[in-house]
Amino acid sequence: MNPSHKRMFIGEYNHTLDDKGRLAVPAKFRQLLRGGSVVAKGLDNCLVLYPKKEWAKLAEKISALPFNKTNDRTIARFILAGAADADFDNQGRISLPEHLRAFAKLSKKAVIAGLYNRLEIWDEAAWQAYKKSTEKQSNQIAEALGEI
């Protein structure tokens with residue numbers, strides 16, 4: 001097996017949020033997040049869970065954007081301002097702050113999707129709707145992949 005496979009997030013996992021907003025992260029991902037993690041607003045109304053190293057790279061790029069441009073200030077505020085440290089409890093759960101749960105409209109059922117260097121956290125119904133919508137565009141997606 002390629003050693004890089006052990007250092008990436010892949011797959012789709014269904015989990016349940018408890019009444020306190022805690023979400024269990026798959027055990028195979030906890031090792032990759034042991035140096036700390038950050039949860040932030042993502043695009044498409046999901047949350048993104050980054051290892052601290054990946055978060056630092058992204059935050060540095062965003063903070064380097066010119067502050068005199070409206071769109072750049074908006075991006076910085078959107079992604080950086082609401083972010084929170086996501087530390088694991090003894091049961092491998094992270095606490096998702098209320099403002100982030102509200103943003104992603106997270107209910108009891110959630111999906112954690114691995115995207116190589118980060119994880120996305122979706123409300124299960126929103127994830128299913130998103131997948132259904134994108135699967136209808138498989139031909140366009142295939143053509144875009146041809147450019148990679």
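Coordinate-derived values only; no laboratory data. Bear in mind the structure is a predicted one, so any value in this text is a computation, not a measurement. Don't worry about glycine lacking a Cβ; one is built from the backbone with ideal geometry, like all the others, and counts go over all protein chains shown.
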Problem set entry | Amide H contacts of Ser107 (H built 1.01 Å from N, under 5 Å, at least 5 apart or other chain) | Glu124
For this session: Using the 2.2 N^0.38 Å rule of thumb for compact globular proteins, work out how the stretch 3-123 stacks up: its C-alpha Rg over that value, please.
Result: 1.05
For this session: Past 27 Å, Cα to Cα, is the threshold; run Lys108/Lys131; Lys20/Lys69; Lys61/Lys131 against it and keep the listed order.
Result: Lys20/Lys69; Lys61/Lys131
Exercise. Does the stretch 1-69 come out rounded, prolate or oblate by the C-alpha gyration tensor, with a ≥ b ≥ c the root eigenvalues, rounded set by a/c under 1.5 and, if not, prolate when a/b is larger than b/c and oblate if not?
Worked result: oblate
Seminar exercise, completed: Most exposed to least, judged by fewest other Cβ atoms within 10 Å, Ser107, Ser37, Ser95 sort to Ser107, Ser95, Ser37
Exercise. Roughly what would the spin-label model give for Phe78 and Thr134, points 7 Å off Cα along C-beta, in nm?
Worked result: 1.7
Problem set entry | From phi via Karplus (6.51, -1.76, 1.60), per-residue ³J(HN,Hα) for the stretch 116-132 in Hz, x at Gly/Pro | 6, 10, 7, 10, 9, 10, 10, 5, 4, 5, 5, 4, 5, 5, 4, 4, 4
Exercise. Distance in nm between label sites at Leu115 and Ala64, each 7 Å beyond Cα in the beta-carbon direction?
Worked result: 2.1
Problem set entry | Charge tally in the Cβ shell below 13 Å around Ser107, where Lys, Arg are +1 and Asp, Glu are -1, Ser107 excluded | 0
For this session: With a point put 7 Å past each Cα toward its Cβ, work out how far Asp18 is from Lys52 in nm, to one decimal.
Result: 2.4
Exercise. Under 18 Å from the Cα of Lys132, which lysines turn up, not counting those fewer than eight places away in the same chain?
Worked result: Lys109
Seminar exercise, completed: Residues other than Lys132 with Cβ under 15 Å of its Cβ, Lys/Arg counted +1 and Asp/Glu -1, net out at -3
Problem set entry | Summed side-chain charge close to Pro66 - residues other than Pro66 whose Cβ falls under 12 Å, Lys, Arg +1, Asp, Glu -1 | +1
